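Here's the structure, in structure tokens; my notes come after.
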Amino acid sequence: IPNNLENNIQSFILCKGYMATISVNIDGMGKSKVFIASESDLVVEKLPVLLSGGISFIRVIPWNWAAKKGVGGLNSGLNDSWHYLWSNNGSSTLNKEYSPMAWGSGGTDEADITKYKAMYKTTHILGFNEPDDCNGQSGQYNNLCIPDTAVMHYKNLMKTGLRMVSPACREQAWDDWLDSFNILAKENDVRIDVIAVHWYDWGGNPKNSPDADPNLIFGRFKNYLTKVYNHYQLPVWITEFNANLNRTTSVNYEFMKLAIPYLDSLDYVERYAWFQPVSDVADFYDTSGAYSSIGTYYKNNNSSPSIPERIYGHGNNLENTFDGTENKTQCSPYSSIFSYKSSQSIEKSFTLYPNPVNDKLNISSFLKVEDLRIYTLHGQLRKIFKNKKLIDV
């Protein structure tokens, strides 16, 4: 942090379109907080108590306007804006954010930290996969099923400066293993921004109820999410869920039609990803590769925004409050780049499409476009066009 500002920052402005992770420790660990300026500049006139000891780490990265709906794996054509792969070997595209997962303890080494930092279009890091299972998944390796051990490995992920998603446990461990993990995390100043869960209705005795009433399954799902949120008071990601592999495709389909609109309506659910149980039950595609009823419904669902707030500075497990008093928006122009002489409303003057653009950018305007300039996100002028209404990007 330059200009003798280390431990001297008292306030800041985060420009629209960026996320900032701020920590009191120079390596990004310890007491820390994430701020997001999604649709407006975010103004922090007084630092929250969590950061009052001084700031020694700041990482600012572009924000991605992801919707709630995502997928696990490389499933394509489902109109999802984010995905993960149960690993850290993926990548983002222009229209789709990749959220890497530190599947086990081996995903928290220094080489992995460097890898996460270098990933384009990545804002979150997912924690371990079902570490509560000492006989399977990540919990069977390197004593990761012991909460103390898991916290010490997870702690290293704070160096990425990304938003921290908790380990995703089996559904019955939400108030057991995960609770112990969270208590230890607080004691060691290990930040958790989001709680991740899995849900397959194992409590509904699925092996003996293949044709169970989808409404009853949905009721248990709602109760589960309510309990998780009430306990942790943090945003929730459901990274794996369905009505169970022992149930029919019809039951899974009817459950999906109840669950998806509900998840899109919940303020505290930020993201979700349907899990395909087995190839012949509740798959996105049929044997010919065409969309199944499940896939068609999932694809056609226009999911709501993951974070709809214009600015976001909510608490984490270290500061478990939603005190927004120190945050406000700044609507006045802050750069001459966006100034213009015409008194006519810019919004009514022209349209740029498509957005985002992969190939050619079209300009539809009622006025003559005499001069068009392209700037980087940092305000550097890159190119000037004269009398153009189609730009090959």
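I'd like to compare 190-200, 205-215, 173-183: which one has the highest average count of other Cβ atoms within 10 Å, and what's the full order after that?
Going from most to least packed, we get 190-200, 173-183, 205-215.
Just to be sure I understand the curve: with the Debye formula and one point per C-alpha of the range 42-125, what is log10 I(q)/I(0) at q = 0.22 Å⁻¹?
Result of the Debye calculation: -1.04.
Solvent-accessible area per residue for the chain at a 1.4 Å probe radius, Å²?
Value for the chain: 48 Å² per residue.
At 1.4 Å probe size, with the rest of the protein present, what percent of the exposed accessible area of the chain is carbon and sulfur atoms?
51
Given only helices, namely DSSP H runs of n ≥ 4 each adding -39500 (n - 2.57), what is the per-residue ellipticity at 222 nm of the chain, to the nearest 500 deg cm²/dmol?
One gets -6000 deg cm²/dmol as the mean residue ellipticity at 222 nm.
Restricted to Cα positions, what overall size does the range 76-176 have along the principal axes? Three whole-Å values, descending.
39, 30, 20
At q = 0.13, 0.16, 0.18, 0.21 Å⁻¹, what is the base-10 log of I(q)/I(0) for the range 130-240 according to the Debye formula with one equal point scatterer per Cα and no solvent? Please give it to two decimals.
-0.52, -0.75, -0.91, -1.15
Where in the chain are the DSSP H helices whose C-alpha atoms run 20 Å or more along the long axis and whose mean Kyte hydropathy is at least -1.0?
For the chain, where a helix must reach 20 Å along its axis and average at least -1.0, the hits are 214-232, 249-265.
Using the Cα atoms of the chain to build a convex hull, what is its mean projected area in square nanometres?
21.9
Using a cut-off of 9 Å between beta-carbons, work out the net charge of the residues near Lys31 (Lys and Arg +1, Asp and Glu -1, Lys31 not included).
0
Quick one: Cα centre-to-centre distance for the range 118-182 and the range 10-45, in angstrom?
The range 118-182 and the range 10-45 have Cα centres separated by 24 Å.
Over 10 Å intervals from 0, what percent of Cα-Cα pairs in the range 1-143 sits in each interval?
In order of increasing distance, the bins hold 11, 32, 33, 20, 5, 0 percent.
Given the range 206-246, report the % of alpha carbon pairs whose separation exceeds 14 Å.
Above the 14 Å cut-off, the range 206-246 has 55 percent of its Cα pairs.
Once the range 150-195 is represented by equal point scatterers at the alpha-carbon sites, with solvent omitted, what log10 I(q)/I(0) does the Debye formula produce at q = 0.22 Å⁻¹?
Those come out to -0.72, one per q.
Students often check this: by mean Cβ neighbours within 10 Å, which of 114-120, 368-374 ranks highest, and how do the rest follow?
Peptide ranking by packing, descending: 114-120, 368-374.
The values are calculated or read from the model by the stated rules, or taken from the named source; none is laboratory data. Everything numeric in this text was worked out from a predicted model, so none of it was measured. Every residue, glycine as well, gets a Cβ built from its backbone with ideal geometry; the counts of neighbours run over all protein chains shown. For the accessible areas, the whole protein counts, side chains as well, though only heavy atoms, and no ligand, DNA or RNA atoms are used. Shrake-Rupley method; radii C 1.70, N 1.55, O 1.52, S 1.80 Å.
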